[in-house]
Amino acid sequence: VTESLESLRATLGKVSDLRSAIAVLSWDQEVNMPPKGAEGRGQQLATLSAYAHRIFTDPGVGVLLQELSGAIETLSPDDAKLVGVTLYDYDRATRLPESFVSELAMECSKAYEVWVRARKESNFSLFRDSLAQIVDLNRRKAAYIGYKDSPYDALLDEYERGMTAAQLTPLFSDLAKAQSALVERIVASPTQPDVAWTAGPWDERAKWDFTVKVLRDLGFDMDAGRQDKSIHPFSTQFDLYDVRVTTRFSPDELFSGLMGTIHECGHALYSQGHDPADRRTPLMDGASLGIHESQSRMWENMIGRSLPFWEHYLPVLRDSFPDRLRGVAPEDAYAAVNCVERSLIRVEADECTYNLHVILRFEIETGLIEGSLSVDDVPDVWNAKIKEYLGLDVPNDAQGCLQDIHWSHGAFGYFPTYTLGNLYAAQLFETIQDAIPDLWDRVRRGEFATLLTWLRENIHRYGRRKLPVEILKDATGQDPDWRPYLRYLENKYGGLYGLSS
Ligand code: ZN
């Protein structure tokens, strides 16, 4: 058993090294690479991915895993976790025939090109056949992987292990009703924030320095990570001691780059908080995309968009922009960063409307995968749901069903993790406020270490040792519950917009 375990760890270490190399190349592609490098980079990534996949799915690995799971009760709890998680990954990876994997990859890279053109011309009919192909491939993928109730479950499991469409459907439907009713009241309120003072131009250098200060203050280890700029902000991890975040700035906006940094910092703090014993193994990752997103959204929205945060940081920001921020109070910043606006574009949506964008995508996705919705109906259904949830008319496909990259990438089952992140964050945050009664005094002083320590103890260090629902249950003592999120929104936005409850 000891020998098998060593042999397994050696193989997993190699796979992890290759995946880290892939991550470095992908990071470089977004941050540094000149445009003409794209073709060569595509080949490098394809070769390394195929190599990593081949090593991981080698039948020898299967034999080791069978042996070790047969002797699971003789293993230490940590080794048993490693074997269990690796077996889950191995099983998923080997259920898909190699010919199917390359068919899917090829179809997706074609679909991506088609989607870029269709979005540019704002014409869904150009993308229609590609989307139909991708839906069909995903249905086949679900069939290979296997499922009990809905084929969608097999796809969702890749991002949120253990979650099902049957759990999400009623939850999302209730949430959509509650959130669109709240948005109605906010939009109709006579109290609206003044955002005129946030209009640019704002000096980028000063904003960059401010984001670096905030990163350090929140607990991001700059000796084990760095920040760069990219078109689409993201975070990535090459190793426990090398975690990267990116941000972007627009000269017109004071807050967007900063809030983007705090969001990615939330992901990065999770990555920097894993157990060193899990390096070069599949355990060193987030429990799920939803739990990962709960960390980024908690830091961004619950901390970074709170009044105590701005009581601390507005004076700091004023040092960089003394003339422009002279008459601005922390309350003004708090109101401006929480401005609610119904919009067509998901990535620009605020806390109150964001889930509505996600829920309509989930409803369309499940319909496509389960076969109750035809690809031809996507634009009409999309536009009708935007009208129902947000009261807006969609003027064209580019601002409607063609706005997101996910489907062209073949990613079905990914969208719900954004909303789950919001829900998990609010539920965890209620527990945290009980556990740290003087949390807001600490935030007002710019002290975040107590919060970070709580997150490290209850979430970060487990990596993939626990399922998402176990993380939540162990940390809060409750099953997943969406009501804390609604309480949070009602409380915060009720105050900001002078709503009577
Ligand atoms: Zn995120």
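The values are calculated or read from the model by the stated rules, or taken from the named source; none is laboratory data. All values derive from a computational prediction rather than experimental measurement. With ideal geometry, Cβ positions are generated from the backbone for all residues, glycine too; neighbour counts draw on all protein chains shown. Just the protein is used for accessible areas: all its heavy atoms, side chains included, with ligands, DNA and RNA removed. Shrake-Rupley method; radii C 1.70, N 1.55, O 1.52, S 1.80 Å.
Mind telling me which of the residues R483, R487, R445, R461 ends up being under 16 Å from N301 (Cα atoms) and surrounded by fewer than 19 Cβ atoms within 10 Å (Cβ to Cβ)? After ruling out the rest, the residue left standing is R487.
Looking across D194, D223, D209, one residue alone is modelled with pLDDT under 95, open to solvent by 50 Å² or more (accessible area, probe 1.4 Å) and more than 23 Å from the chain's Cα centre (by Cα). It is D194.
For every residue, the table says whether it meets (1) more than 16 Å from the ligand (Cβ to nearest atom); (2) aromatic (F, W, Y); (3) out of contact with any Leu (no Cβ under 7 Å at 6 or more places or on another chain).
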position: A329; (1), (2), (3): yes, no, yes
position: E363; (1), (2), (3): yes, no, yes
position: N383; (1), (2), (3): yes, no, yes
position: I386; (1), (2), (3): yes, no, no
position: D404; (1), (2), (3): no, no, yes
position: W407; (1), (2), (3): yes, yes, no
position: F415; (1), (2), (3): no, yes, yes
position: G421; (1), (2), (3): no, no, yes
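Cβ separations smaller than 6 Å between residues 6+ apart or across chains give the following pairs from the range 128-153 residues that are β-branched (V, I, T) to residues that are at pLDDT 95 or above and open to solvent by 20 Å² or more (accessible area, probe 1.4 Å): I145/R95. Scanning the range 260-283 for residues that are touching a residue at least 60 places away in the same chain (Cβ under 8 Å) and within 15 Å of the ligand (Cβ to nearest atom), we see that the one that is farthest from R216 (Cα to Cα) is Y270.
Within the range 136-163, the only residue that satisfies the criterion of being under 17 Å from D404 (Cβ atoms) and open to solvent by 10 Å² or more (accessible area, probe 1.4 Å) is Y159. Residues in the range 284-299 that are more than 14 Å from the ligand (Cβ to nearest atom) and of a type in the set (A, V, I, L, M, F, W, C): M284, A287.
Residues checked against (1) touching a helix residue (DSSP H, G or I) at 6+ places or on another chain (Cβ under 6 Å); (2) of a type in the set (D, E); (3) outside any loop (DSSP other than H, G, I, E, B):
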{"residue": "S102", "(1), (2), (3)": "no, no, yes"}
{"residue": "S109", "(1), (2), (3)": "no, no, yes"}
{"residue": "E113", "(1), (2), (3)": "no, yes, yes"}
{"residue": "A132", "(1), (2), (3)": "yes, no, yes"}
{"residue": "K141", "(1), (2), (3)": "no, no, yes"}
{"residue": "K148", "(1), (2), (3)": "no, no, no"}
{"residue": "R161", "(1), (2), (3)": "no, no, no"}
{"residue": "A166", "(1), (2), (3)": "no, no, yes"}
{"residue": "L171", "(1), (2), (3)": "no, no, yes"}
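Looking for whichever is basic (K, R) and either modelled with pLDDT under 95 or within 19 Å of the chain's Cα centre (by Cα) (or both) here; the options are R456, R442. Which one fits? Step by step, each of R456, R442 is checked, and only R456 is basic (K, R) and either modelled with pLDDT under 95 or within 19 Å of the chain's Cα centre (by Cα) (or both). Determine whether D376 is open to solvent by 20 Å² or more (accessible area, probe 1.4 Å), under 28 Å from L104 (Cβ atoms) and modelled with pLDDT of 95 or more. Here the answer is yes, as D376 does meet what is asked. When R318 is tested against (1) open to solvent by 10 Å² or more (accessible area, probe 1.4 Å); (2) within 16 Å of the ligand (Cβ to nearest atom), exactly one condition is not met: (2).
Among the residues examined, T74 qualifies as of a type outside the set (A, V, I, L, M, F, W, C), touching a residue at least 60 places away in the same chain (Cβ under 8 Å) and over 30 Å from V245 (Cβ atoms). Could you please let me know if A224 is of a type outside the set (S, T, Y) and farther than 15 Å from C265 by Cα? Answer is no for this residue.
When you scan the range 287-300, how many residues do you find that are closer than 21 Å to T247 by Cα and open to solvent by 10 Å² or more (accessible area, probe 1.4 Å)? Counting residues in the range 287-300 that are closer than 21 Å to T247 by Cα and open to solvent by 10 Å² or more (accessible area, probe 1.4 Å) gives 5. Within the range 454-494, can you find the residues that are in a helix (DSSP H, G or I) and among the polar types (S, T, N, Q)? Residues satisfying the conditions are N458, T476, N491. Only a single criterion out of (1) in a loop (DSSP other than H, G, I, E, B); (2) in contact (Cβ under 8 Å) with a residue 24 or more places away in the chain is not satisfied by P308, namely (1).
With open to solvent by 10 Å² or more (accessible area, probe 1.4 Å) and in contact (Cβ under 8 Å) with a residue 60 or more places away in the chain as the only criterion, which of Q433, Q403 stands out? Going through Q433, Q403 in turn, the sole match is Q403. Can you confirm whether the range 412-423 contains a residue that is out of contact with any strand residue (DSSP E or B) (no Cβ under 8 Å at 6 or more places or on another chain) and surrounded by fewer than 17 Cβ atoms within 10 Å (Cβ to Cβ)? No. Among the residues of the range 300-315, those identified as within 16 Å of the ligand (Cβ to nearest atom) and hydrophobic (A, V, I, L, M, F, W, C) are M302, I303. Restricting attention to the range 133-172, the residues being aromatic (F, W, Y) and under 22 Å from the mean Cα position of the chain (by Cα) number 3. For the range 274-286, filtered to residues that are part of a helix (DSSP H, G or I) and in contact with a helix residue (DSSP H, G or I) (Cβ under 9 Å, 6 or more places away or on another chain), the residue that is least open to solvent (accessible area, probe 1.4 Å) is D278. Reported count of residues in the range 1-49, each being open to solvent by less than 30 Å² (accessible area, probe 1.4 Å), among the hydroxyl-bearing types (S, T, Y) and over 19 Å from M284 (Cα atoms), is 1. Before we move on, is L496 over 22 Å from F220 (Cβ atoms) and under 20 Å from the mean Cα position of the chain (by Cα)? When the stated conditions are applied, L496 does not pass them.
If the condition is being outside any strand (DSSP E or B), open to solvent by 20 Å² or more (accessible area, probe 1.4 Å) and within 12 Å of the ligand (Cβ to nearest atom), then the range 231-259 contributes H232, P233, F234.
Return the only residue of K110, K120 being farther than 30 Å from F56 by Cα, within 26 Å of the chain's Cα centre (by Cα) and surrounded by fewer than 16 Cβ atoms within 10 Å (Cβ to Cβ). Answer to the selection: K120.
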